[in-house]
1. Does region 51-81 hold any residues that are open to solvent by 60 Å² or more (accessible area, probe 1.4 Å) and part of a helix (DSSP H, G or I), and which are they?
2. Out of all the residues in region 132-155, which are open to solvent by less than 20 Å² (accessible area, probe 1.4 Å), hydrophobic (A, V, I, L, M, F, W, C) and within 21 Å of ALA51 (Cβ to Cβ)?
3. Collect the residues in region 1-25 that are closer than 17 Å to PRO159 by Cα and open to solvent by less than 40 Å² (accessible area, probe 1.4 Å), keeping them in residue-number order.
4. Collect the residues in region 26-40 that are out of contact with any helix residue (DSSP H, G or I) (no Cβ under 6 Å at 6 or more places or on another chain) and either surrounded by 14 or more Cβ atoms within 10 Å (Cβ to Cβ) or in a helix (DSSP H, G or I) (or both), keeping them in residue-number order.
5. Output the residue which, of all residues in region 156-174 that are of a type outside the set (Val, Ile, Thr) and farther than 20 Å from ARG66 by Cβ, is least open to solvent (accessible area, probe 1.4 Å).
6. For LEU113, state whether it is under 13 Å from MET179 (Cβ atoms) and either hydrophobic (A, V, I, L, M, F, W, C) or not in a helix (DSSP H, G or I) (or both).
7. Is it the case that region 7-17 has a residue that's outside any loop (DSSP other than H, G, I, E, B) and modelled with pLDDT of 85 or more?
Amino acid sequence: MSIRQTALEAYREALPVVALSAVGGLFAGVVLGGMEAELAAVPGLLLLVPALLATRGNVYGSLGARLASALHQGLIDPRFDFADRRTRAAVAAAIANGVLVSCFVATAGFALLSALGRDHATLATLLGIALIAGTVSGILLTIAVVVVVFLGYRRGLNPDTLAGPVVTTTGDVVGIATMLAAARIVLVLGGG
């Protein structure tokens, strides 16, 4: 295959996913715009938004890369089998890392806002939101990544080309939506 053919093939595989990614990013922006009441009720929540979204891409992008590499090397079969030790370990590590990083971001955000003397919610409120959003979004993102990587591979597409844009878009949409839901849950439970 020539360089031109390789480039055209990569472009053909990536263009629909990148276009969908742009639409997903706009949707995430609409959801964020609808969070005005929650952002006002939970001072400091806006500080967490970019950090939590960035960690979704990093953690679950890594999961997609691990699974894609294992598929390319023939270490795992192109179907999800929870009995497969490698697949199970990659999924468990991604979810655990996502939840731990979410809690770290909430704690670091609280400490930063405190040090700067800025208005902020309690640590328990910020941790509660991060924990709920991190857990739910982690489960949803894991499902999305596993389905896209395995299904794409079985259909002859390069999972490396698919995983990045899918994780970015899904991470933004799911991350914002779960953060909104988590904020509402914590506020109903008396946080603030």
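The values are calculated or read from the model by the stated rules, or taken from the named source; none is laboratory data. Note that this is a predicted model, so its numbers are computed, not measured. Cβ coordinates were reconstructed from backbone atoms using ideal geometry, including for glycine residues, and neighbour counts include every protein chain displayed. Keep in mind that these areas ignore ligands, DNA and RNA; they rest on the heavy atoms of the full protein, side chains included. Shrake-Rupley method; radii C 1.70, N 1.55, O 1.52, S 1.80 Å.
1. The answer is ASN58, ARG66, HIS72.
2. ALA133, LEU141, VAL145 - these are the residues of region 132-155 that are open to solvent by less than 20 Å² (accessible area, probe 1.4 Å), hydrophobic (A, V, I, L, M, F, W, C) and within 21 Å of ALA51 (Cβ to Cβ).
3. Scanning region 1-25 gives GLU13, ALA14, VAL17, SER21.
4. Answer for region 26-40, where residues must be out of contact with any helix residue (DSSP H, G or I) (no Cβ under 6 Å at 6 or more places or on another chain) and either surrounded by 14 or more Cβ atoms within 10 Å (Cβ to Cβ) or in a helix (DSSP H, G or I) (or both): LEU26, GLY29, VAL30, GLY33, GLU36, ALA37, ALA40.
5. ASP172
6. no
7. No, because not a single residue in region 7-17 is outside any loop (DSSP other than H, G, I, E, B) and modelled with pLDDT of 85 or more.
Residue-wise test of (1) closer than 23 Å to VAL167 by Cβ; (2) at pLDDT 90 or above; (3) touching a strand residue (DSSP E or B) at 6+ places or on another chain (Cβ under 9 Å).
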| position | (1), (2), (3) |
| --- | --- |
| GLY44 | no, yes, no |
| LEU53 | yes, no, no |
| LEU63 | yes, yes, no |
| ILE76 | yes, no, no |
| ASN97 | yes, yes, no |
| VAL101 | yes, yes, no |
| ALA106 | yes, yes, no |
